[in-house]
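Read-outs: derived from the displayed coordinates by stated rules, not from any lab. As the structure is a computational prediction, the values presented were derived from the model and not from experiment. Glycine also receives a Cβ, built like all others from the backbone with ideal geometry; neighbour counts cover every protein chain displayed.
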Amino acid sequence: MTASGKFAIGALSALLMAPIAFGQQEYIGQYDVYTAYMYLHSSLINLGESGFHTQVGTNLKKWYSLGFDFSDGTGDTVLVPNMLRSSLQQQIAGQLAPLKAAGYLPANYEPAVAAHSKSQTYATGPQLNYRRFKTVTLFLHPDLGAIHESVAVAASDPIGKALVQNMAPSGIKEDWTYFYGVGGGVDFNITRHFGLKVHADFVRDHLFSDLLTWRNSVRLSIGPTFHMGRNVAAQK
């Protein structure tokens with residue numbers, strides 16, 4: 001089972017085991033701070049990154065808040081031609097075909113490049129909160145922000161090294177771009193000022209557009225959340 005699958009099962013188990021009481025939440029802090037373990041998975045390149053996720057927000061209304069979101073993670077994958085843009089796949093296949101036909105390479109040979117990735121995401125925006133349960137807050141928000149990724153690439157065979165030299169002569173390739181999507185989750189209100197949040201985001205970006213097509217990613221996180229400040233629930 002993948003790490004994202006294990007995470008999802010754990011988060012679902014926490015949700016099912018949590019007691020949910022109907023009724024108004026008596027305290028809604030003006031400020032929320034969240035810090036958590038984070039797992040980001042990009043299926044296109046089979047990349048899983050572990051790290052941390054943090055949010056700082058302010059509740060303007062009982063149902064509406066604004067905040068800043070940041071996450072940082074690292075992970076490893078192996079890049080192969082079928083992960084790349086179709087034009088690059090065809091180019092690589094065309095260059096390898098004569099070598100395979102001449103017997104210099106096995107017919108099933110596929111170049112592979114090891115990649116170590118470090119990603120950071122930055123986002124800000126609104127969040128809608130549903131607080132009709134006393135011990136649980138449900139929330140939903142749009143995802144729109146910027147993502148930075150730095151990838152160190154290396155290969156062991158001559159053909160793989162030639163690919164590395166072509167796509168990242170220094171051995172490091174970096175890119176910035178925007179992402180968009182949707183996120184949401186559950187905040188379990190353990191005490192007035194402390195809770196446990198389970199968060200999921202589904203986003204789309206076009207990092208390294210010279211090599212890759214648009215890619216979809218899933219970010220999952222879980223960790224403590226802290227509520228503080230004046231009581232927004234007491235507002236008229």
Just list whichever of LYS61/LYS118; LYS118/LYS161; LYS62/LYS118; LYS100/LYS161 have alpha carbons separated by over 28 Å in the model shown.
LYS61/LYS118; LYS62/LYS118
Work out how far the C-alpha atoms of the stretch 32-122 reach from end to end along every principal axis, then list the three figures in whole Å, largest first.
70, 22, 14
Any chance you could run the full-extension gain for ALA101 through SER209? It's 0.36 nm times the residue separation minus the Cα-Cα distance, nm to one decimal.
35.7 nm
Using a Förster distance of 22 Å, the FRET efficiency for TRP176-ASN216 (Cβ separation, nearest 0.05)
0.75
Could you calculate the contour length gain from LEU138 to ASN108, that is, 0.36 nm times the residue separation minus the distance between their Cα atoms, to one decimal place in nm?
5.8 nm
Per DSSP H run of n ≥ 4, the term is -39500 (n - 2.57); total these for the chain, divide by its residue number, and report the mean residue ellipticity at 222 nm rounded to 500 deg cm²/dmol.
-5500 deg cm²/dmol
Where the Cα atoms of the stretch 62-108 are projected onto their three principal axes, how long is each span, largest first, in whole Å?
70, 21, 12
Given that compact globular proteins tend to follow 2.2 N^0.38 Å, what is the ratio of the alpha-carbon Rg of the chain to that value?
1.27
Could you list, bin by bin from short to long, the percent of Cα-Cα pairs of the stretch 117-236 in 5 Å steps?
2, 9, 14, 17, 13, 11, 9, 8, 6, 5, 3, 2, 1, 0, 0
Give me the distance between the Cα centres of the stretch 27-46 and the stretch 73-130, rounded to whole Å.
26 Å
